[in-house]
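Notes to accompany the following structure.
The values are calculated or read from the model by the stated rules, or taken from the named source; none is laboratory data. Since the structure is predicted, the reported quantities are computational estimates derived from the model, not experimental observations. Methodologically, a virtual Cβ is constructed for each residue, glycine included, from the backbone with ideal geometry; neighbour enumeration extends over all protein chains shown. Surface areas here come from the heavy atoms of the whole protein model, side chains and all, with no ligands, DNA or RNA. Shrake-Rupley method; radii C 1.70, N 1.55, O 1.52, S 1.80 Å.
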Amino acid sequence: MGFKRLDAEDFVVSADAVQSTAWSTGLPTLTEFFTSSVQAAGTSGNYYLSVYQTGSALSNTAVQFDITYGNKTGSGSAYFNANIPNLTPATSIYGQYRTLVLEDENTNFTYGDGTNTLSPNDFFAISVDRARYKEKLHPGTFNLKLIGNGGTIHLTDSSNNENVATFLGSNRVYQVISGSNGVPHGTSGYVDASGSYGLFLPDIGTILLNPSAVSQSIHVDADRSANLANGTNQATLFGAIVSGGSFQLNAQETITSDYVFVRARNSEFNYSENPSFISGSTGEVIYDQFINNPQVYMTTVGMYNDANELIAVAKLSRPLLKDFTKESLVRVKLDF
């Protein structure tokens, strides 16, 4: 065993963006959607509807995304208290997403840009499960097919149509448009007089849909009735997603790696401390050839801190011959 202190030039830090499928199926497109009657009937069902990739508890079922509905005036869900008519789960959801996205409780959501914008009082929200999107969603991979009584729409984000990122508060945002793979159908992918179909927020795994634009295109309508049964609007959007049968989305994360270059020069690490090389009675080297022409095999690189504590071990794929005529360079990769 030999020790050598590493120098500053022996360390290199690298950050790589890695893209992967978001869904538990391992496929880029989710084609089947299931809900849990227990969750829908429970307390959480008043606020959102969880969607799974399988209906069997024996098949590693996991939440893929949640569907919810928010309304600024409280319409579209049931009153918490009949004496306070404007306070419902829909108002709680609206306030939660306004704080999360806009970071200002006195502003409203606006869909579209330029001369074609709309600021309605409500939205559908698709919140991708945190375990699915890892660090963030990958713009340009969002493709959602919705089918309603009025036809079919294919939704995507506007990432490939924008040269400069736009922010709401501290969140990157893209418009949800009709199109595919980040490219609009037609000029903008907007709906006349209704703005865009919503907002795509990749860094928080959230997609807000504009009910007015969706209704105008395919007649999937949000019910804005007062004191409506909780879960009604969530079920409406879920039905359109099930009918479409296609939800494509990829996740993206940045993996930071530390590369450590361990150099064994020709004059270093050529001798062994293996006790079988030494005579137990005299302490002499048993094999004379190991005195002037030692040959050893490197198998392991250990990394120690200043307290001489072993903190990492790298195993070589095969033993590496080392003598005075050979130098070795081992690259150790540490991922975080």
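What pairs can you find where one residue is in the range 161-188 and closer than 17 Å to Asn250 by Cβ, the other is assigned to a loop (DSSP other than H, G, I, E, B) and open to solvent by 50 Å² or more (accessible area, probe 1.4 Å), and their Cβ atoms are less than 6 Å apart, with a gap of 6+ or different chains?
That search, which allows pairs on different chains as well, returns Gly179/His185.
So, in the range 193-240, how many residues would count as being crowded, with 18+ Cβ neighbours inside 10 Å and free of Cβ contacts under 8 Å to residues at least 24 places away in the same chain?
Selection size over the range 193-240: 1.
Which residues, taken from the range 42-85, are open to solvent by 60 Å² or more (accessible area, probe 1.4 Å), among the aromatic types (Phe, Trp, Tyr) and touching a residue at least 24 places away in the same chain (Cβ under 8 Å)?
Within the range 42-85, Tyr47, Tyr48, Tyr79 meet the criteria.
Are any of the residues in the range 13-25 in contact with a Ser or Thr (Cβ under 6 Å, 6 or more places away or on another chain), assigned to a strand (DSSP E or B), farther than 17 Å from Thr232 by Cα and open to solvent by 60 Å² or more (accessible area, probe 1.4 Å)?
yes
Could you look through the range 262-303, keep only residues that are at pLDDT 85 or above and open to solvent by 90 Å² or more (accessible area, probe 1.4 Å), and pick out the one that is nearest to Leu321 (Cα to Cα)?
Tyr297
Going through the range 107-126 one residue at a time, which ones are of a type in the set (Ser, Thr, Tyr), part of a loop (DSSP other than H, G, I, E, B) and modelled with pLDDT of 95 or more?
Thr110, Ser119
Test each condition in (1) surrounded by 15 or more Cβ atoms within 10 Å (Cβ to Cβ); (2) among the hydroxyl-bearing types (Ser, Thr, Tyr); (3) within 30 Å of Asn250 (Cβ to Cβ) for Thr88 and report the one that comes out false.
Against the list (1) surrounded by 15 or more Cβ atoms within 10 Å (Cβ to Cβ); (2) among the hydroxyl-bearing types (Ser, Thr, Tyr); (3) within 30 Å of Asn250 (Cβ to Cβ), Thr88 comes up short only on (3).
Does Thr99 satisfy being outside any loop (DSSP other than H, G, I, E, B), of a type in the set (Ser, Thr, Tyr) and either in contact with a Pro (Cβ under 6 Å, 6 or more places away or on another chain) or over 23 Å from Ser194 (Cβ atoms) (or both)?
yes
Identify the residue in the range 36-74 that is of a type in the set (Val, Ile, Thr), more than 19 Å from the chain's Cα centre (by Cα) and closer than 16 Å to Ala229 by Cβ and, among all such residues, is modelled with the lowest pLDDT.
Thr43
Return the pairs, sorted by first residue and then second, in which the second residue is open to solvent by 10 Å² or more (accessible area, probe 1.4 Å) and of a type in the set (Asp, Glu), the first residue lies in the range 122-134 and is farther than 30 Å from Ala226 by Cα, the beta carbons are less than 8 Å apart, and the residues are 6+ apart or on different chains.
Lys134/Glu253
Quick one: which of Leu310, Leu316 is more than 30 Å from Ile126 (Cα to Cα) and open to solvent by 60 Å² or more (accessible area, probe 1.4 Å)?
Leu310
Within the range 114-160, track down each residue that is open to solvent by 30 Å² or more (accessible area, probe 1.4 Å), farther than 26 Å from Asp223 by Cα and of a type outside the set (A, V, I, L, M, F, W, C).
Of everything in the range 114-160, those that are open to solvent by 30 Å² or more (accessible area, probe 1.4 Å), farther than 26 Å from Asp223 by Cα and of a type outside the set (A, V, I, L, M, F, W, C) turn out to be Gly114, Thr115, Arg130, Arg132, Lys134, Glu135, Lys136, His138, Asn160.
Which ones in the range 128-148 are within 17 Å of Glu32 (Cα to Cα) and of a type in the set (S, T, N, Q)?
Once the filter is applied, which keeps residues that are within 17 Å of Glu32 (Cα to Cα) and of a type in the set (S, T, N, Q), the range 128-148 yields only Asn143.
If you scan the range 305-336, which residues turn out to be of a type in the set (Ser, Thr, Tyr) and touching a residue at least 60 places away in the same chain (Cβ under 8 Å)?
Ser328
If you go through the range 241-261, how many residues are touching a Ser or Thr at 6+ places or on another chain (Cβ under 8 Å), open to solvent by 30 Å² or more (accessible area, probe 1.4 Å) and among the aliphatic types (A, V, I, L, M)?
Number satisfying all stated conditions: 0.
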